[in-house]
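J.: First the structure, then my questions, so here it is.
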Amino acid sequence: MNKPVFVIPFFVVALVLFNPNPTGASSHLLWSTTYNCTDWDQSQGNPNCDTLALHGGWTCNGTATTNEAKGERITSAANNPAGGGGKGQRHWEGDGVNDNSGSLKVNFAAKQSEIWIRWYMRYEQGFKWDPTLVYDKLLYIDVLMPPVVIPGWGGFDKLFLNVEGTPYWSNSGTGWDTIMASGGASQYQVINGQGNPETHYVSDGKFHLFEIHIKMDTDGTDGVFEWWIDGTLRQTESNVNYGSSTGKTGWSHFLIGSNQRHPFNNRCMAVDYDDVAVSTGGYIGPVINNDTTPPTSPANPGVQ
Amino acid sequence: MSHCRQQFKNPFFIVITLLWLSACGGGNGNGTVNTGGSPASDSAVLSWDGPTTNADVTGTKLNDLAGYRVYMSTMPGGYTASDMIADVPAANSYGGGTESYTATSLSPGTYYFVVTAYDASGNESGYTQPEVSKTII
């Protein structure tokens, strides 16, 4: 008896071997960017880059230098070397309260009731908060339109999810200090509100991987929020009330880069975003990089 | 080096201690990123120029350089992973510029060195050529 022969169509083989979209594990991407676009700064209006739009005209006015005064930008200096493309989004954060550059806005063609957002983010090495890290809004989902959802650092020790003004806090040991310590950052001291010294971490200057999952509630009690940083689940909520009845139809847009309180660095410092992706079909995960080409060898070796 | 921080009340020992402290500056383990100055007699200061392109046919511009690996052996050629003595982070992801590393606390003998570059995906270049060596007396 002859054994059956199975023929695998060529296009199936090709699909398995060739992944044209090195953005992550999910194939349900609603939108993504590697910022592989023309250099841009916010003085030029909207960028010509993957449908991104300028939102807000702020700059780091308090301590801006000439370059920083141009505000938000797309530049190779903000590129995540482990990601795609060759550029990233540079956001500026200055001292004090809400002294920052503008944002870039991602608009969805239709409202979405469940999304995953993945992004890489790096604070310039040595970035400090003083006297404390009150908040830093990393994304701003549906600005000024309910239901507003804001994931951010909430103090040195925790993450927070702010929904229409209601905070949901992560457990201790999940926030800024933990993430920067994992990158080998150095420590510094601040004097807290009670006049006592506290030890915290400056930025490690490295890109970290962030991903959130938001799912609209049906009755004010069953909304979902999950937050992974560097592949580890840091916060999970299953009883979020995402707000008004009008909001329950879904989210229409989000901002990359927002406001904060209180950096203390005597100048604006860079906060870089890159490899941002939105999925409607599940967890995205890290950039899958198919690069197999090594650099050329270092040259002119010498020894003394 | 904790012995560099000893305190003495006798003035004679204070002078000796100051001289000793001046000799202790910069003491550090088995290897450092070189910050200049003459190398110690038991050290080897390596230098190299960072690559700026990928090893593909068209020599595309490098934009994901992650670092350098320094290999050391007492025999020329034939380096293995166990010969790697240092992982030096790249100054930037585009390469270029001169990088350096100092191997310290070397016993007398001849040491051979090569360096590779690697990118963010873990792809590693070939060894620097020519192989360089230093004899510690």
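The values are calculated or read from the model by the stated rules, or taken from the named source; none is laboratory data. Fair warning: this is a prediction, and the values are worked out from it, not measured in the lab. Note that we place each Cβ from the backbone using ideal geometry, even for glycine, and neighbour counts take in every protein chain shown.
J.: Can you find a residue that is within 22 Å of A:Ser76 (Cα to Cα) and part of a strand (DSSP E or B) anywhere in region B:76-87? Lay out the reasoning, then the answer.
T.: Let us first name the residues in region B:76-87 that are within 22 Å of A:Ser76 (Cα to Cα), namely none.
Checked region B:76-87: no residue is within 22 Å of A:Ser76 (Cα to Cα) and part of a strand (DSSP E or B).
J.: Given the condition out of contact with any Gly (no Cβ under 6 Å at 6 or more places or on another chain), surrounded by 22 or more Cβ atoms within 10 Å (Cβ to Cβ) and within 10 Å of chain B (Cβ to nearest Cβ), answer yes or no: does some residue in region A:278-297 qualify?
T.: Within region A:278-297, one or more residues are out of contact with any Gly (no Cβ under 6 Å at 6 or more places or on another chain), surrounded by 22 or more Cβ atoms within 10 Å (Cβ to Cβ) and within 10 Å of chain B (Cβ to nearest Cβ).
J.: Further, regarding this structure: Looking at B:Tyr101, B:Tyr68 in this structure, which one is at the interface with chain A (Cβ under 9 Å from one of its Cβ atoms), touching a residue at least 12 places away in the same chain (Cβ under 8 Å) and either assigned to a strand (DSSP E or B) or of a type in the set (Phe, Trp, Tyr) (or both)?
T.: B:Tyr68
J.: How many residues does region A:228-257 hold that are more than 26 Å from A:Ile74 (Cβ to Cβ) and in contact with a Lys or Arg (Cβ under 8 Å, 6 or more places away or on another chain)?
T.: Here the count works out to 3.
J.: May I pose another question? Restricting attention to region B:126-136, does a residue exist that is in a strand (DSSP E or B), surrounded by 14 or more Cβ atoms within 10 Å (Cβ to Cβ), of a type in the set (S, T, N, Q) and out of contact with any Lys or Arg (no Cβ under 9 Å at 6 or more places or on another chain)? Walk me through how you get there before you give the answer.
T.: Looking only at region B:126-136, we keep the residues that are in a strand (DSSP E or B), and these are B:132-136.
Filter again for surrounded by 14 or more Cβ atoms within 10 Å (Cβ to Cβ), leaving B:132-134, B:136.
Keeping just the survivors that are of a type in the set (S, T, N, Q) gives B:133.
From what's left, out of contact with any Lys or Arg (no Cβ under 9 Å at 6 or more places or on another chain): B:133.
Scanning region B:126-136 turns up at least one residue that is in a strand (DSSP E or B), surrounded by 14 or more Cβ atoms within 10 Å (Cβ to Cβ), of a type in the set (S, T, N, Q) and out of contact with any Lys or Arg (no Cβ under 9 Å at 6 or more places or on another chain).
J.: Mind telling me which of the residues B:Ser125, B:Ser93, B:Ser38, B:Ser47 ends up being in contact with a strand residue (DSSP E or B) (Cβ under 8 Å, 6 or more places away or on another chain), modelled with pLDDT under 95 and at the interface with chain A (Cβ under 9 Å from one of its Cβ atoms)?
T.: B:Ser93
J.: Let me ask something additional. Go over the candidates A:Glu114, A:Glu68, A:Glu93 one by one and state the one that is in contact with a Lys or Arg (Cβ under 6 Å, 6 or more places away or on another chain) and away from chain B (no Cβ under 14 Å).
T.: A:Glu114
J.: Given (1) exposed (fewer than 13 other Cβ atoms within 10 Å of the Cβ); (2) more than 9 Å from every other protein chain (Cβ to nearest Cβ); (3) outside any helix (DSSP H, G or I); (4) modelled with pLDDT of 80 or more, identify the lone condition not met by B:Gly59.
T.: Only one criterion is unmet by B:Gly59, namely (2).
J.: Say whether the condition of being within 11 Å of chain A (Cβ to nearest Cβ) and either surrounded by 16 or more Cβ atoms within 10 Å (Cβ to Cβ) or in contact (Cβ under 8 Å) with a residue 60 or more places away in the chain (or both) is met by at least one residue in region B:79-89. First the steps, then the outcome.
T.: So in region B:79-89, the residues within 11 Å of chain A (Cβ to nearest Cβ) come out as B:88-89.
Filter again for either surrounded by 16 or more Cβ atoms within 10 Å (Cβ to Cβ) or in contact (Cβ under 8 Å) with a residue 60 or more places away in the chain (or both), leaving B:88.
Within region B:79-89, one or more residues are within 11 Å of chain A (Cβ to nearest Cβ) and either surrounded by 16 or more Cβ atoms within 10 Å (Cβ to Cβ) or in contact (Cβ under 8 Å) with a residue 60 or more places away in the chain (or both).
J.: Take the residues in region A:147-180 that are among the hydrophobic types (A, V, I, L, M, F, W, C), under 15 Å from the mean Cα position of the chain (by Cα) and in a strand (DSSP E or B), then tell me which one is surrounded by the fewest Cβ atoms within 10 Å (Cβ to Cβ).
T.: Looking at the filtered set, the residue picked out is A:Phe160.
J.: Somewhere in region A:71-92, is a residue over 18 Å from A:Thr38 (Cβ atoms) and of a type in the set (D, E, K, R)? Step through it out loud before you land on a result.
T.: Kept after step one, since they are over 18 Å from A:Thr38 (Cβ atoms), are these residues of region A:71-92: A:80-83, A:91-92.
Filter again for of a type in the set (D, E, K, R), leaving none.
No, region A:71-92 contains no residue that is over 18 Å from A:Thr38 (Cβ atoms) and of a type in the set (D, E, K, R).
J.: Do the conditions hold for A:Leu144, that is, is it farther than 16 Å from A:Lys215 by Cβ and crowded, with 18+ Cβ neighbours inside 10 Å?
T.: So A:Leu144 does not fit the description; no.
J.: With the requirement that a residue be of a type in the set (S, T, N, Q), crowded, with 21+ Cβ neighbours inside 10 Å and assigned to a loop (DSSP other than H, G, I, E, B), what does region A:85-110 give you?
T.: Once the filter is applied, which keeps residues that are of a type in the set (S, T, N, Q), crowded, with 21+ Cβ neighbours inside 10 Å and assigned to a loop (DSSP other than H, G, I, E, B), region A:85-110 yields only A:Ser101.
J.: Can I ask one more? Restricting region A:111-144 to residues that are in a loop (DSSP other than H, G, I, E, B) and polar (S, T, N, Q), which is nearest to A:Gly205 (Cα to Cα)?
T.: Among residues in region A:111-144 that are in a loop (DSSP other than H, G, I, E, B) and polar (S, T, N, Q), the one nearest to A:Gly205 (Cα to Cα) is A:Gln125.
J.: Does B:Leu106 count as more than 11 Å from every other protein chain (Cβ to nearest Cβ), in contact with a Ser or Thr (Cβ under 7 Å, 6 or more places away or on another chain) and either surrounded by 19 or more Cβ atoms within 10 Å (Cβ to Cβ) or modelled with pLDDT of 95 or more (or both)?
T.: Details: more than 11 Å from every other protein chain (Cβ to nearest Cβ): yes; in contact with a Ser or Thr (Cβ under 7 Å, 6 or more places away or on another chain): yes; either surrounded by 19 or more Cβ atoms within 10 Å (Cβ to Cβ) or modelled with pLDDT of 95 or more (or both): yes.
Judged against the criteria, B:Leu106 is a match.
J.: Would you mind stating whether B:Gly67 is within 16 Å of A:Asn300 (Cβ to Cβ), in contact with a Pro (Cβ under 6 Å, 6 or more places away or on another chain) and at pLDDT below 95?
T.: Here the answer is no, as B:Gly67 does not meet what is asked.
J.: Can you tell me which residue within region A:111-141, out of those that are of a type in the set (A, V, I, L, M) and farther than 20 Å from A:Leu52 by Cα, is surrounded by the fewest Cβ atoms within 10 Å (Cβ to Cβ)? Spell out how you get there, then give the answer.
T.: First, pick out the residues of region A:111-141 that are of a type in the set (A, V, I, L, M): A:115, A:117, A:121, A:133-134, A:138-139, A:141.
Remaining after also requiring farther than 20 Å from A:Leu52 by Cα: A:133-134.
Details: A:Leu133: 24, A:Val134: 14.
Only one residue tops the list, namely A:Val134.
J.: Suppose we keep only residues that are surrounded by fewer than 19 Cβ atoms within 10 Å (Cβ to Cβ) and either within 7 Å of chain A (Cβ to nearest Cβ) or in a loop (DSSP other than H, G, I, E, B) (or both) within region B:110-122. Which one would you say is farthest from the chain's Cα centre (by Cα)?
T.: Applying the filter and picking the extreme gives B:Ser121.
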